[in-house]
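A quick write-up on the structure given underneath.
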Amino acid sequence: MIRKTSIMFVNKDSYDEYKQRHDEIWPEMVKELKAYGAHNYSIFLEKETGKLFAYVEIESEEKWNQMAETAICKKWWEYMKPLMKTNPDNSPVAVELVEMFYME
């Protein structure tokens, strides 16, 4: 498995709505994430700044990158856009983190 981490940004007035939407994540979105090799996906919030720390284990970079081209992913991005900092294609602005330490 490949461990991926990134930082995204949620609007400070949208914390509750962001959490609710993820608590009620669409079953078809979960199915697609799994189909594209995602496992152990977690997102954590730093309340003071609105920074989201995302962690996911993936089977392959190529397969994971293909997820962004699916209709359900694009629909999810559009749904989440009002709550987050996004790119012109509605994808969340994400800063990829570099692993500096790992202990199993």
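Every read-out reported here was derived from the displayed coordinates using simple, explicitly stated rules and does not represent laboratory data. Just so we're clear, the structure is a prediction, and the values are computed from it rather than from any experiment. Counting neighbours? That spans all protein chains shown, and the Cβs are built from the backbone with ideal geometry, glycine included.
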Can you put Thr5, Thr49, Thr86 in order, fewest other beta carbons within 10 Å first?
-> Thr49, Thr5, Thr86
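Test of the criteria: in region 1-95, which GluC sites (Glu not before Pro) are in a DSSP loop and have at most 16 other Cβ atoms within 10 angstrom of their Cβ?
Passing both the DSSP loop test and the Cβ count: Glu24, Glu48, Glu59, Glu69.
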Mind giving me the FRET efficiency for Lys47 and Trp26? R0 is 22 Å, r the Cβ-Cβ distance, nearest 0.05 is fine.
-> 0.30
Take Phe53, Phe101 and order them by how many other Cβ atoms sit within 10 Å, fewest up front.
-> Phe101, Phe53
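Could you please tell me the mean projected area of the C-alpha convex hull for the chain, averaged over all directions and given in square nanometres to one decimal?
Details: hull surface 27.8 nm².
If I average the Cα hull's projected area over directions, I get 7.0 nm².
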Exposed-site-free run, longest, the chain (rule: trypsin sites (Lys or Arg not before Pro); DSSP loop; at most 16 other C-beta within 10 Å) | 1-46
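For the chain, what's the relative contact order in percent, using C-alpha pairs closer than 8 Å and at least 6 residues apart? Could the numbers behind the result be given before it?
Numbers: 146 pairs, mean separation 41.6, N = 104.
Relative contact order for the chain comes out at 40 percent.
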Karplus-derived 3J(HN,Hα) from phi for region 7-14 (6.51 cos²θ - 1.76 cosθ + 1.60, θ = phi - 60°), whole Hz, x at Gly and Pro, runs 10, 10, 9, 9, 5, 4, 8, 10
